[in-house]
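See below for the structure under consideration.
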Amino acid sequence: MKILLINGSPHEKGCTYTALCEVASAAREAGAETEIFHIGNGPQRGCIACGACRRSGKPDICAFPDEIYTALVEKMEEADGIVIGSPVYYAGPNGSLCALLDRVFFSHGKAFAGKPSACVVSCRRGGASSSFDRLNKYFTINRMPVVSSTYWNSVHGMKPEEVLQDLEGLQVMRTLGRNMVWMIKNLEKGGEELPHREKGIATNFIR
């Protein structure tokens with residue numbers, strides 16, 4: 001059982017990493033293997049709605065198959081559970097992270113259906129709930145069960161050492177890690193297959 005934790009902060013060992021480490025530690029204690037994948041601090045191409053990933057007939061082919069995108073898709077496909085972490089910028093997740101995730105989920109989202117998922121956010125003071133909501137939409141659109149904790153998955157602090165003082169936030173992270181392992185184990189015990197997916201219906205309100 002492997003859980004992939006995606007560090008969507010430009011800072012490799014900052015506050016988001018500190019929160020993800022708490023999730024990972026609890027998950028390992030519960031029997032899982034974990035990996036933290038850092039997206040780096042370089043620019044990320046966003047989706048340009050070119051449709052290349054649809055026309056190719058191969059849903060994992062983006063028009064911009066850069067190294068970070070390709071590595072992340074492979075790791076997400078192999079993982080049994082996925083946790084995405086981000087700092088809060090202007091009450092939203094890191095823009096570079098969202099640009100990357102837009103491409104990953106639009107081109108490859110169907111491959112992640114049924115995988116337990118969760119997100120965590122790190123902020124100084126506010127904007128956590130709106131960032132948390134934004135990231136969860138990637139999961140709910142792609143039929144990925146969202147793993148819960150005891151509160152919204154957020155920690156507070158300007159520096160890692162301040163995050164470590166957020167005792168409630170850290171408890172939420174640990175609970176999330178244990179709950180993620182619990183869900184994966186239960187699904188592995190012979191849970192039913194995903195329900196049949198209906199053919200998509202698009203309702204356009206402007207005709």
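The values are calculated or read from the model by the stated rules, or taken from the named source; none is laboratory data. Quick caveat: nothing in here was measured; it's all calculated off a predicted structure. No Cβ is skipped: glycine too gets one built from the backbone with ideal geometry, and neighbour counts run over all protein chains shown.
Of the residues 63, 19, which single one is out of contact with any Phe, Trp or Tyr (no Cβ under 9 Å at 6 or more places or on another chain), among the aliphatic types (A, V, I, L, M) and surrounded by fewer than 16 Cβ atoms within 10 Å (Cβ to Cβ)? Outline the logic, then answer.
Values: 19 fails: surrounded by fewer than 16 Cβ atoms within 10 Å (Cβ to Cβ).
Of the residues listed, the single one that is out of contact with any Phe, Trp or Tyr (no Cβ under 9 Å at 6 or more places or on another chain), among the aliphatic types (A, V, I, L, M) and surrounded by fewer than 16 Cβ atoms within 10 Å (Cβ to Cβ) is 63.
Scanning segment 20-56 for residues that are under 23 Å from residue 78 (Cβ atoms) and aliphatic (A, V, I, L, M) returns 20, 23, 24, 26, 27, 30, 32, 36, 39. Consider segment 172-207 and keep the residues that are closer than 20 Å to residue 113 by Cα and charged (D, E, K, R). The one that is surrounded by the most Cβ atoms within 10 Å (Cβ to Cβ) is 185.
Looking across 161, 168, one residue alone is closer than 27 Å to residue 87 by Cβ, in contact with a Phe, Trp or Tyr (Cβ under 9 Å, 6 or more places away or on another chain) and among the acidic types (Asp, Glu). It is 168. One residue stands out in segment 7-65 among those that are under 15 Å from the mean Cα position of the chain (by Cα) and of a type in the set (A, V, I, L, M): the one that is nearest to residue 98 (Cα to Cα), namely 39.
Any idea how many residues of segment 76-108 are within 12 Å of the chain's Cα centre (by Cα) and either on the phi > 0 side of the Ramachandran plot or of a type outside the set (S, T, N, Q) (or both)?
Start the filter on segment 76-108 by keeping residues that are within 12 Å of the chain's Cα centre (by Cα), which leaves 76, 79, 81-86, 93, 97-98, 100-102, 104-105.
Retained after the next criterion (residues that are either on the phi > 0 side of the Ramachandran plot or of a type outside the set (S, T, N, Q) (or both)): 76, 79, 81-85, 93, 97-98, 100-102, 104-105.
Residues flagged as within 12 Å of the chain's Cα centre (by Cα) and either on the phi > 0 side of the Ramachandran plot or of a type outside the set (S, T, N, Q) (or both) within segment 76-108 amount to 15.
Against the numbered list (1) surrounded by 24 or more Cβ atoms within 10 Å (Cβ to Cβ); (2) under 11 Å from the mean Cα position of the chain (by Cα), residue 131 comes up short only at (2).
Kindly establish whether residue 48 is within 14 Å of residue 6 (Cβ to Cβ) and among the aliphatic types (A, V, I, L, M). Please lay out each step first, then the result.
On the way: within 14 Å of residue 6 (Cβ to Cβ): no; among the aliphatic types (A, V, I, L, M): yes.
Taking the combined requirement at face value, the residue does not satisfy it.
For the residues 173, 158, the requirement of being touching a residue at least 40 places away in the same chain (Cβ under 8 Å) and not in a helix (DSSP H, G or I) singles out 158. For residue 97, the requirement of being in contact with a strand residue (DSSP E or B) (Cβ under 6 Å, 6 or more places away or on another chain), crowded, with 17+ Cβ neighbours inside 10 Å, of a type in the set (A, V, I, L, M, F, W, C) and farther than 17 Å from residue 197 by Cα is met.
Residue by residue, here is whether (1) over 17 Å from residue 51 (Cα atoms); (2) at pLDDT below 95 holds:
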{"residue": "65", "(1), (2)": "no, yes"}
{"residue": "76", "(1), (2)": "yes, no"}
{"residue": "82", "(1), (2)": "yes, no"}
{"residue": "86", "(1), (2)": "yes, no"}
{"residue": "91", "(1), (2)": "yes, no"}
{"residue": "97", "(1), (2)": "yes, no"}
{"residue": "104", "(1), (2)": "no, no"}
{"residue": "108", "(1), (2)": "no, yes"}
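Considering segment 1-116, the qualifying helices (runs of 4 or more DSSP H), each wholly inside and each with 2 or more residues that are touching a residue at least 60 places away in the same chain (Cβ under 8 Å) and not small (Gly, Ala, Ser), run over 15-29, 67-78, 95-108. Of the candidates 61, 36, the single residue that is of a type in the set (Val, Ile, Thr) and under 20 Å from residue 142 (Cα atoms) is 61.
Residues that are closer than 20 Å to residue 83 by Cα, modelled with pLDDT under 95 and among the charged types (D, E, K, R) within segment 171-207 comprise 185, 188, listed in sequence order. Here residue 169 meets the list (1) surrounded by 14 or more Cβ atoms within 10 Å (Cβ to Cβ); (2) farther than 27 Å from residue 5 by Cα almost entirely, failing just condition (2).
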